[in-house]
């Protein structure tokens, strides 16, 4: 007699949803599929030779430390290096302001653990990073969405939302922000929007959680400062990762915050996994100390710039009138909007089975379930050739389902199917 | 104006306590201290040369996978190897029954996330693993303690407790068990106690969470089967780790459970950190595939057997009458009981500052705050020479504070100070 496990589940477990992205990764591992679904870096950017050298040196010179437990805060040498890494963006920090995490996803879980009770309110962008929504949803909070435009979060709407909540006697615990080349939209917040968000956070006494994994992958334009640099962590928590600049396989993420806040995060992480692997931390510290990451950034950026350009060209060439997309200045993703009557979820099965192309449906990024006509496309993993062919397949699918009103005004430049 | 972070903390964060062990690790890093406090393996047991070879091969042959994201479940090859590893103990599993975690501590957090709501009841041993208590405490559950003797959990008392709770209409979500060379006590459950615990779990429809990190470190005697092997996961969840058999620096832990239960755990881990590092998983898989772990177990066990023997000899030689300790057949720890009127917490500062020796106070392992006269001693990390000297210092401290009634009957064999 098998026991019924559902009778044992916590309320949180009942409310969890499997990540659509993760489930899709399985779907798209079969041959022939061109996947714009994942968020994988291009393995060609991995510094394999340098990692071989550094790893050998770590095992030769410091195995007794690198193979042992380390403190929950993380390798002090790596935390020093991360303070130096963030200094290039105007962030003032010492190792006391840094906690090492398993990717920035663990940082999201820690933020939620330390700040959120069931029923609490937080502010998220529409759209927002799916992994963030998933982490917060496990704590059964209310996520209130604020729309985004091409300059970042709509601070006029943010002000309205905060005023409305205050009127109900409710104070959001934090505003969740992905201000640089947002996953999923590719949008970067202007400095004005960053300043205004901080001003509003001060006025309504809430925090800002700045999730910034893509900042270094900038193709063009000038970088506004991180939100954290604008208040030096007064009410901002900063999350980042080496998954896009070094490789994801080491899972090196980190949080930066005021010392008292880091202390709370450390206590939470103790119960969650004691510490992150000393081995991968020692390797990452050495990669920083030898300036390998710094030196490689231009190469990595060049690879992804060329891929973004390939995707923009292919979209321009293939997509019919009525379809729009963002032009990200960096990062790994762009965002496509079909005519509003279309539904990317309804199209996905046909995309995968008939056209051998995959994307992530947009609604998974909207806390309010909207955005059904949108999709996220990743350009970092597929080759330029696959991008060309994949967008051709995707456009063919879209054209097949285009509403009559739109397809009749199809642009002349569109390739017919 | 600095904001008051306390006003933002979750109820869970307010209830968290920093691990006493972790805090002590900092205290005891200064020179001259002999520490029995941590739970560190002996770095001499780390297979450094083999890791150099395997790591080089992984980077040469599979960098595109080992440096990339992997699925939440973990590297399929490692999960296959873990199924094989557990088979030697009579556990029937396939990779579908296994989830890779960051050490077994993350397994404890996942178990709590998936099964526990605030106010739920769970059963723990008195004493029990402090990291487990810390993980569960973050979920604000009620931990009901059941005493232990030298055969394991007192199943007569467990039956009483379950009956009492049932009488109140309360059903514990699970019984938390560390049945092999328990941390902290070193006690191993007999097979009878394991069977009886499973029978009671069935009778009262609760689960068993078996945390088994030390099983392979057996010095003598015959091993009872894991609890999981007795019901093949019908109502048991199994947690283990390579931290003691390979090294802690890779943070390779895992959970084994029924497929439907693993599915719930995977969903929880997705929101917690997406996946564990592919790099360390690829290395561990290769270490298993080459049978390196299997071959090294006798050496590792021999190192720790000699250290345990050294500690038992020193205790026998140095400790006054009225002090007792366990004789573990394996693992990394033994457990010392001072006369009941003594308080190891009150003595700790003097131990560290005057005698340059450290231990973990026992009360941290008791969910009910009892055990103030007990302490946990680790024998895996210090050298045999340090064990001799450290126990000499500890005994000197104990004798200095021994109640008069006890010190007057001090054994003749005791070395005078």
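Scanning the stretch A:234-257 for residues that are in contact with a helix residue (DSSP H, G or I) (Cβ under 7 Å, 6 or more places away or on another chain), more than 27 Å from residue A:52 (Cα to Cα) and part of a loop (DSSP other than H, G, I, E, B) turns up A:235, A:257. Only a single item in (1) facing chain B (nearest Cβ under 10 Å); (2) crowded, with 18+ Cβ neighbours inside 10 Å; (3) closer than 25 Å to residue B:63 by Cα; (4) in contact (Cβ under 8 Å) with a residue 60 or more places away in the chain is not met by residue A:107, and it is number (3).
Counting only strands (runs of 3 or more DSSP E) that fall entirely inside the stretch B:97-210 and contain at least 3 residues that are within 23 Å of residue B:234 (Cα to Cα), the qualifying elements are B:98-102, B:121-126, B:174-177.
Inspect all residues belonging to the stretch A:312-329 and state whether any of them is over 30 Å from residue A:221 (Cβ atoms) and touching a residue at least 40 places away in the same chain (Cβ under 8 Å). No: the stretch A:312-329 contains no residue that is over 30 Å from residue A:221 (Cβ atoms) and touching a residue at least 40 places away in the same chain (Cβ under 8 Å).
Here residue B:199 meets the list (1) over 18 Å from the mean Cα position of the chain (by Cα); (2) buried (at least 17 other Cβ atoms within 10 Å of the Cβ) almost entirely, failing just condition (2).
Considered as a group, the residues in the stretch A:127-153 that are under 22 Å from residue B:140 (Cβ atoms) and without any contact (Cβ under 8 Å) to a residue 60 or more places away in the chain include one that is farthest from the other protein chains (Cβ to nearest Cβ), and that residue is A:142.
I'm trying to understand the selection: among the residues of the stretch A:84-96, which are in a helix (DSSP H, G or I) and either at the interface with chain B (Cβ under 8 Å from one of its Cβ atoms) or over 21 Å from the mean Cα position of the chain (by Cα) (or both)? Please lay out each step first, then the result.
Going through the stretch A:84-96, the residues in a helix (DSSP H, G or I) turn out to be A:84-87, A:95-96.
Answer for the stretch A:84-96, where residues must be in a helix (DSSP H, G or I) and either at the interface with chain B (Cβ under 8 Å from one of its Cβ atoms) or over 21 Å from the mean Cα position of the chain (by Cα) (or both): A:84, A:87, A:95, A:96.
Does the stretch A:1-43 hold any residues that are more than 22 Å from the chain's Cα centre (by Cα), more than 9 Å from every other protein chain (Cβ to nearest Cβ) and modelled with pLDDT of 90 or more, and which are they? If the condition is that a residue be more than 22 Å from the chain's Cα centre (by Cα), more than 9 Å from every other protein chain (Cβ to nearest Cβ) and modelled with pLDDT of 90 or more, then A:33 is the only one that fits.
Residue by residue through the stretch A:44-66, note down the ones that are touching a residue at least 40 places away in the same chain (Cβ under 8 Å) and either at the interface with chain B (Cβ under 8 Å from one of its Cβ atoms) or assigned to a helix (DSSP H, G or I) (or both).
Of the residues in the stretch A:44-66, the ones touching a residue at least 40 places away in the same chain (Cβ under 8 Å) are A:44-47, A:50-51, A:54-55, A:57-58, A:62, A:65-66.
Across the stretch A:44-66, the qualifying residues are A:44, A:45, A:46, A:50, A:51, A:54, A:55, A:57, A:58, A:62, A:65, A:66.
When the criteria are applied in full, residue B:294 meets the requirement of being assigned to a helix (DSSP H, G or I) and either at pLDDT below 95 or exposed (fewer than 15 other Cβ atoms within 10 Å of the Cβ) (or both). Within the stretch A:197-226, residues that are farther than 17 Å from residue A:89 by Cβ reach partners that are at pLDDT below 95 with beta carbons closer than 7 Å, at six or more positions or on different chains, in the pairs A:207/B:8. For the stretch B:247-273, filtering for residues that are facing chain A (nearest Cβ under 7 Å) and under 27 Å from residue A:70 (Cβ atoms) leaves 10. Take the conditions (1) over 13 Å from the mean Cα position of the chain (by Cα); (2) surrounded by 21 or more Cβ atoms within 10 Å (Cβ to Cβ); residue A:151 misses just one of them, which is (2).
The values are calculated or read from the model by the stated rules, or taken from the named source; none is laboratory data. As the structure is a prediction and not an experimental result, all values here were calculated from the model. Cβ coordinates were reconstructed from backbone atoms using ideal geometry, including for glycine residues, and neighbour counts include every protein chain displayed.
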